[in-house]
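Heads up, the thing below is written out as structure tokens.
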Amino acid sequence: MKTTLKLFTLLFALFAFVGCSDDDDAAVQEFTVTSVSPESGPVGTEITITGTNFPADVSAVTLTIGGVTASITSVSSTQIVAVVPAGASTGAISVTVDGTAKSTSSDFRVLAELVSGTMENLFAPSTSNFGEPAAGPFTKFSFETGDVTDSDTEWDIAFRTTTIAVNGGAVTGTNDEPERNGSGGAAIEDALFSEITSADTFTFAVDGTGAFAIPTGSDNGWYNYNFMTNIVSPLPGKILVFRTHDGKYAKVEILSYYQDNPTSPDGFADPARYYTFNYVYNPNDGETDLTSAE
Amino acid sequence: MVENLDEVVVTATRTLRQLSSLPLPVTLISKKQIERTGVTRLNEILDEQTGIIMAPDATIGGGLGVQIQGIASDYILILIDGVPIVGRLSGNLDLSRFAIGNIKQVEVVKGPSSALFGSEALGGVINIITDRPKTEKISGRVSHRAATFNTQNTVVSINQSKDKLGYSIFLDRLSTDGYNLVDREERQTVLPNLNYTFNSRVFYDFSENLSVFASGRYFLRDFDEPSGTSEQREGNAQLRVDHKLSKKTTFEYELYYTNYLTNEQIIDPIDNEILFDSEFDQKLFRPEVRFNHTFSVSNTLTAGGGYNFETLDRSLFAEEVSLDSQYIFAQYDFEPLRNLNIIVGARFDNHSVYNSQLSPKISARFAITPEFAIKGSVGSGFKAPDFRQLYLDFTNALGGNYSVFGKEVERQGIQRLIDNDEITRDPITNEVLLRVPFETLGEPLNAESSVGYNAGFDYRTRNFKGEINYFRNDFKDLIDTEILATKTIGANVFGYVYRESVYTEGLEVNLQYALMENLDLSAGYQLLYAFDKDIKRELEENGAFARDPNRNNQTIRIDRDAYFGLVNRSRHILNAKVFYEVPKWGANANVRVVYRSKFGLTDENGNGFLDDFDNTFVDGYALVNLSFGKKFFKHYQLQVGANNLLDFKGESPFSSLDNRILINPGIQLFGRINFEF
């Protein structure tokens, strides 16, 4: 009963205040915009604009990001919370109250969303006979297109049997390998795929004479070879983090070396050299976030 | 059959000892049991004993190795009349080589026995004791056994012991069509083969104090290789002189020579080109002297020494290699208190290649009452690095060009690869990349070693016998392969290093009960935990990764609970047997059931150990064997039976829709007719 009374009083006071201000423009103090957090994010990111003297009424405020109107979630006198709208592009955030517009000094960067995908059955054959050094072209893959590519420059990683090349550094000296003309690199981390959330702290190795950024051989890099069962198993808990040819980042978990990712491959019968891997690719320049979508 | 008090064994102490009074876990398989079951080869009868199984290696259909207390066959010594058998392939000794038609008993000592027998006796010793002729008249036997897979086994034996001379002649011929466990393989899992065992023995007493025993054994097996040849030959010659200096002091002088040979050649059926040619020729010559002195009834000193000369010529070795070793041992078996028996012993082995070994052992048994006794033992065991681990120089041209070097040849091997520019180099400094410093290559290996503990009690009454034994075996310095370097073509170069420390631990229970005079029941059980200590510790501290087949093979984290343990180990092994006899009809019948719980064959998901997410497990299974025997007239006996009566075939985890791989070939019926004179 007491609470209801209090609420009623408060509501009444508010009503009186709003009614009052309607009549009295001079009472509106000029608002300011001081900061935006975060300063970048993909569509759907919730952003908070901090300032002073924002009106209490959501409908009194218009907010645009790069010219596209954003929907406002809540307003208080010092904070406006809004969501980056679909179609927004990088640009200043503009707040308009009663015809007065104020913009942030720096642009809000609308990021492309991280791309999560699964590449199935990437075929990485060798043309040499069994037991001889591998030969024949590598199968090149581009994170940007999420598919294999024939491009000599726009590729990020390339596969031939169990060997993985990156488009960075220099040629290793093996037969028929692609020219390295990008700024790619690789790091191998012990973790679950979902636990790698950023490429920030890793050191990236590159290919070079005699050695690949991802070391070759059983238990050296990404796989184990069991000669009793003749099975190549991707080492569990080895996450490959790549820098792409154009300096972006991606993480990869190889799931299988056999066609159609069988749960229990037959090393003597199942077609091998078919990679299936999960990846998360951050298409934004300089961005290291690699959080997997749940 | 509840054991009689007069059952004696020699393997536990190298002296005749009453089985029931021994402080060590010993299994005795009697001639009667072997005859009643109708089996003819050593592997078959061992497979029915508590805590002993014949375990397949990872490939199913490959070699079967005997496993005792969870310890693999590499670490179990096989003897015939006290002298060692050679001829292991990848550590396994094929026990189907041994016909058991002329034996008195098989003795199995469980736990480390290197204090008496030296290398290889880490896990135990299996000693095949041949029968001594007893009758003055010529006696003997002719029998023929026919079984499934067109298995035909003929045995002829003749024995006589007259005055000072005794002799025994034994001939065994076995032929079989073999069988196939793998659908897709055209070459059978067990090839059709024909084998002969010939064994003749002579006993001669020069006087009451001087006697001689000589034995010659020859085994020949010829496999019907579809295109090519494959044969095994084995010869053993043993000469022993027993000299009683006095009633209390005895010397035994023994000379032993054995040679095991295999020859395998596979020929291309079209152009007759030799595809595969492999020879294996191992020889051992061993003189040994033993000394026994009995101070009083239960107070005996045993000592001895010997010299092993061993050579192996094998296609995969650069040249014939030889090893020498010398050894001495001593043992004191005494009763410091009434009802307390203690045996202490030690052996010292000096070897030409690996570091020398001292193996002590102590065991004790205390009879609290005449029926109830507690016993325990602690002993060490070792296994010398084998020829393969020392001298192998092998590059697998058919399987990815990886190379393996034994310890003694690895330095030269790596140097050769470096000279041929086959080893990867640092891209910047151009230095050769080795995983271990070049200077340390070829440093001598220690022997693999173990410490084994056994403790338990036994209880026996007139018609009941019960035993419980706890065991623990700690192994260290187990030799494993490690990558020494990587070739420029990506293949690895392997060498041998010590890495693993493993343990096996468990409990064995044996119960025997004579329900009626001619009805014997028995049951046995082994509980086993077998783990790699380093993997276990790593899992406890940091966990590990595996792949979840239900989530598209994605990595998941696992903890200690998911670690199943060493491959090929079953947590539970059970057997139950009923033997029944009707003397007035001259008839007998028996049923034996053996069960082993699930076991895994290999790591599959690449984390280096067997876990619950590896799909390489064989489900637990039981085999039921039975046989009936009846005497006819005076000299004839007819026996019929079935091994694997329920026709269990199982399915290997490596099976697929178009390629079924079985665990067992299925039911095997047999009939045997026996003529004794």
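When segment B:621-655 is filtered for residues that are within 14 Å of chain A (Cβ to nearest Cβ) and crowded, with 17+ Cβ neighbours inside 10 Å, the ones remaining, listed by number, are B:652, B:653, B:654, B:655. Kindly indicate whether residue A:145 is part of a strand (DSSP E or B), at pLDDT 90 or above and not basic (Lys, Arg). No; evaluated as a whole, the condition is false for this residue. Taking the criterion of being among the β-branched types (Val, Ile, Thr) and under 19 Å from residue B:324 (Cβ atoms), the residues of segment B:254-295 that qualify are B:258, B:289.
Highlighted here are the strands (runs of 3 or more DSSP E) found entirely within segment A:187-294 that include at least 2 residues which are within 13 Å of the chain's Cα centre (by Cα) and either crowded, with 21+ Cβ neighbours inside 10 Å or facing chain B (nearest Cβ under 8 Å) (or both): A:238-243, A:249-258, A:272-282. Screening residue B:295 on (1) surrounded by 16 or more Cβ atoms within 10 Å (Cβ to Cβ); (2) under 30 Å from residue B:341 (Cβ atoms); (3) not charged (D, E, K, R) shows it passes everything except condition (1).
Determine whether segment A:126-138 contains at least one residue that is in a strand (DSSP E or B) and either among the small types (Gly, Ala, Ser) or in contact with a helix residue (DSSP H, G or I) (Cβ under 8 Å, 6 or more places away or on another chain) (or both). No, every residue in segment A:126-138 fails to be in a strand (DSSP E or B) and either among the small types (Gly, Ala, Ser) or in contact with a helix residue (DSSP H, G or I) (Cβ under 8 Å, 6 or more places away or on another chain) (or both). Among the residues of segment B:123-154, those identified as within 26 Å of residue B:27 (Cα to Cα) and buried (at least 19 other Cβ atoms within 10 Å of the Cβ) are B:123, B:124, B:125, B:126, B:127, B:128, B:129, B:133. Scan segment B:656-666 for residues that are within 14 Å of another protein chain (Cβ to nearest Cβ), in contact (Cβ under 8 Å) with a residue 24 or more places away in the chain and surrounded by 16 or more Cβ atoms within 10 Å (Cβ to Cβ) and jot them down. Result: B:661, single match. Consider residue B:474 carefully, then state whether it is among the charged types (D, E, K, R), crowded, with 18+ Cβ neighbours inside 10 Å, out of contact with any Cys (no Cβ under 8 Å at 6 or more places or on another chain) and closer than 24 Å to residue B:125 by Cα. So residue B:474 fails the test. For the residues B:236, B:272, the requirement of being over 30 Å from residue B:342 (Cβ atoms), among the polar types (S, T, N, Q) and without any contact (Cβ under 8 Å) to a residue 24 or more places away in the chain singles out B:272.
Scoring residue B:676 on the criteria (1) without any contact (Cβ under 8 Å) to a residue 60 or more places away in the chain; (2) among the acidic types (Asp, Glu); (3) touching a strand residue (DSSP E or B) at 6+ places or on another chain (Cβ under 9 Å) leaves a single failure, condition (1).
Mind telling me which of the residues B:264, B:234, B:252 ends up being at pLDDT below 95, part of a strand (DSSP E or B) and not aromatic (Phe, Trp, Tyr)? After ruling out the rest, the residue left standing is B:264.
Identify the residue in segment A:104-146 that is touching a strand residue (DSSP E or B) at 6+ places or on another chain (Cβ under 7 Å) and among the hydroxyl-bearing types (Ser, Thr, Tyr) and, among all such residues, is farthest from the other protein chains (Cβ to nearest Cβ). Once the filter is applied, the top-ranked residue is A:104. Quick check: is even one residue across segment A:42-50 small (Gly, Ala, Ser), out of contact with any Lys or Arg (no Cβ under 7 Å at 6 or more places or on another chain) and within 20 Å of residue A:283 (Cα to Cα)? Checked segment A:42-50: at least one residue is small (Gly, Ala, Ser), out of contact with any Lys or Arg (no Cβ under 7 Å at 6 or more places or on another chain) and within 20 Å of residue A:283 (Cα to Cα). Based on what the data block shows, is residue B:116 under 26 Å from residue B:83 (Cα atoms), at pLDDT 90 or above and in contact with a Lys or Arg (Cβ under 7 Å, 6 or more places away or on another chain)? Yes, satisfied. Selection within segment B:566-603: residues that are closer than 17 Å to residue B:651 by Cα and among the charged types (D, E, K, R). The member of this set that is surrounded by the most Cβ atoms within 10 Å (Cβ to Cβ) is B:596. Here is a list: B:497, B:509. Which entry is in a strand (DSSP E or B), within 30 Å of residue B:381 (Cβ to Cβ), in contact with a Ser or Thr (Cβ under 9 Å, 6 or more places away or on another chain) and modelled with pLDDT under 90? Only one candidate passes the filter, namely B:497. Taking (1) touching a strand residue (DSSP E or B) at 6+ places or on another chain (Cβ under 6 Å); (2) surrounded by 15 or more Cβ atoms within 10 Å (Cβ to Cβ); (3) of a type in the set (D, E, K, R) in turn, residue B:388 satisfies each apart from (1).
When segment B:562-602 is filtered for residues that are hydroxyl-bearing (Ser, Thr, Tyr) and touching a helix residue (DSSP H, G or I) at 6+ places or on another chain (Cβ under 6 Å), only B:563 remains.
Selection of segment A:214-245 for residues being of a type outside the set (Val, Ile, Thr), over 15 Å from residue B:547 (Cβ atoms) and modelled with pLDDT under 95 yields A:215, A:217, A:218, A:219, A:220, A:221, A:225, A:227, A:228, A:230.
Charged (D, E, K, R), touching a residue at least 24 places away in the same chain (Cβ under 8 Å) and closer than 24 Å to residue B:395 by Cβ, is that true of residue A:160? Spelling it out, residue A:160 is indeed charged (D, E, K, R), touching a residue at least 24 places away in the same chain (Cβ under 8 Å) and closer than 24 Å to residue B:395 by Cβ. Counting the residues of segment B:528-552 that are surrounded by 15 or more Cβ atoms within 10 Å (Cβ to Cβ) and touching a residue at least 12 places away in the same chain (Cβ under 8 Å) gives 14.
The values are calculated or read from the model by the stated rules, or taken from the named source; none is laboratory data. In this text, all values refer to a predicted model and were calculated from it rather than measured experimentally. Cβ: placed from backbone, ideal geometry, glycine included. Neighbour counts: every protein chain shown.
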